[in-house]
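Peer 1: This is the structure I have questions about; it appears just below.
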Amino acid sequence: MSEVKVFIKDQTLRSIHTQLAARNAHLNQLVQAYANDDWQKVQANVKAGKARALYNVGDEFITHYTLGGTVYDMPWVVLDNDRECEWADGTKHPGLWLGMKYCSIEDIQFDAAENTVVDLTEEPNALEGWYYWGKTGSTYTALELEAGDAIPTTYDSVHKCGINNRSVLTDGYNRWSHSGKRQWLNSAAPAGEWWEEQHLGDKAPSQLATRAGFMAGLDADFLAVVNPVKIKTACNTVTDGGVIDTTVDRFFLQSVEEVYGVPQLADAEGPYFPYWKDITGLDEPSNATNEARKIRRINAPTGSAAVVRLRSAYRGYSNYAWYIYSGGYLNNVHYATYSYAALAACVIS
């Protein structure tokens, strides 16, 4: 049988290209309509496995965020349209991974200093589960006390913490699973009610009394399609032994690996989101300055860039957590007590 060869003219190829471009433009318009008018339809498409066909990495969905009576547009970009997610029950599902294009208006501590001053008239003896430090001037001295031991009175003051680490005592704890910022992101409770102690001696972020939970500002129809999913985070090696925590979150901070930075522990907190690879234009992960990593706030999208917290712990320290600096680079040497903006992510599945 002779071979049949088919030749397609350039004009025909150009026509096909034009038609496909028109179809894709139409689909993108439909995506925008779904984003504004019918989140349940978006969720139905994701559940049916159509996310990759319908929604491109970088597409924007517009929700709203209400703070102090003012309603702001809140664009969410598609971080990944082809990555499964895992629900709390362990089942795997198609997912549409979204991230805020602009960061939060509010600056919230990752974690508060866990420093409790001991009143020696009320607590003259060490209690079970606590660790103690004597302070003279600016110097802290670890006190080797067993439960019931008399607490020395020779220091200017004595301080206690539920974690055996002075840096956590003074500078906060960099463990995402215990962080106050995680609780804020995953709560719709009013000011004063979105935080609870995660371990002995835990302290609330300083913004607890003045800020409602992050979810309180989001549209109800958007919240209805955002699923709690399992998120992995590498812990520090000082107090936590470097274990990998698994949390179940509706909203979470992105990791160093996910924003296409150089991971401290490969594949522990990823994979990277294609969105970040695309917008940075990088051929390989990097923590260096990049214009695309300059993140503005939703109330000032053309204003100055903010400092944006990531969920990754600086693994060799107990008190440092990673962030995207306003200059557009990734760094790790700011205390957990520092109050920075949030660039939340979530999953529709």
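Peer 1: Which of (1) more than 15 Å from Ala112 (Cα to Cα); (2) touching a residue at least 60 places away in the same chain (Cβ under 8 Å); (3) not assigned by TED's automatic domain parsing to the domain that holds Val308 does Ser167 not meet, given it meets every other one?
Peer 2: Against the list (1) more than 15 Å from Ala112 (Cα to Cα); (2) touching a residue at least 60 places away in the same chain (Cβ under 8 Å); (3) not assigned by TED's automatic domain parsing to the domain that holds Val308, Ser167 comes up short only on (1).
Peer 1: Here is a follow-up. Out of all the residues in the range 78-109, which are assigned to a loop (DSSP other than H, G, I, E, B) and either outside the structural domain of Tyr272 (by TED's automatic domain parsing) or over 30 Å from Thr302 (Cβ atoms) (or both)?
Peer 2: Asn81, Asp82, Arg83, Glu84, Trp87, Ala88, Asp89, Gly90, Thr91, Pro94, Gly95, listed by residue number.
Peer 1: Moving to a separate point now. Which of the residues that make up the range 133-154 are crowded, with 18+ Cβ neighbours inside 10 Å and part of a loop (DSSP other than H, G, I, E, B)?
Peer 2: Within the range 133-154, Leu145, Ile151 meet the criteria.
Peer 1: For the range 254-273, indicate whether the set of residues that are touching a Cys at 6+ places or on another chain (Cβ under 8 Å), in the same structural domain as Tyr320 (by TED's automatic domain parsing) and touching a residue at least 60 places away in the same chain (Cβ under 8 Å) is non-empty.
Peer 2: no
Peer 1: Tell me, which residue of the range 155-180 that is touching a His at 6+ places or on another chain (Cβ under 7 Å) and not in a loop (DSSP other than H, G, I, E, B) is farthest from Pro205 (Cα to Cα)?
Peer 2: It comes out as Leu169.
Peer 1: Only residues that are outside any strand (DSSP E or B) and touching a residue at least 60 places away in the same chain (Cβ under 8 Å): list them for the range 233-253, please.
Peer 2: Selection gives Cys235, Asn236, Thr237, Val238, Thr239, Asp240, Gly242, Arg250, Phe251.
Peer 1: Could you list, in sequence order, the residues of the range 88-121 that are closer than 27 Å to Pro271 by Cα and touching a Pro at 6+ places or on another chain (Cβ under 7 Å)?
Peer 2: Ala88, Lys101, Tyr102, Ile108, Gln109
Peer 1: I've got another one for you. What about Val71, is it crowded, with 20+ Cβ neighbours inside 10 Å, within 25 Å of the chain's Cα centre (by Cα) and either in a strand (DSSP E or B) or without any contact (Cβ under 8 Å) to a residue 24 or more places away in the chain (or both)?
Peer 2: Considered against the rule, which asks whether it is crowded, with 20+ Cβ neighbours inside 10 Å, within 25 Å of the chain's Cα centre (by Cα) and either in a strand (DSSP E or B) or without any contact (Cβ under 8 Å) to a residue 24 or more places away in the chain (or both), Val71 comes out as no.
Peer 1: Out of all the residues in the range 320-340, which are in a loop (DSSP other than H, G, I, E, B) and either more than 16 Å from Val168 (Cα to Cα) or at pLDDT below 95 (or both)?
Peer 2: Across the range 320-340, the qualifying residues are Tyr325, Ser326, Gly327, Gly328, Tyr329.
Peer 1: May I ask you to verify whether Tyr131 is of a type in the set (Phe, Trp, Tyr), free of Cβ contacts under 8 Å to residues at least 60 places away in the same chain and in contact with a Phe, Trp or Tyr (Cβ under 8 Å, 6 or more places away or on another chain)?
Peer 2: No, not satisfied.
The values are calculated or read from the model by the stated rules, or taken from the named source; none is laboratory data. Quick caveat, the model's predicted, so the values are computed rather than measured. Every residue, glycine as well, gets a Cβ built from its backbone with ideal geometry; the counts of neighbours run over all protein chains shown.
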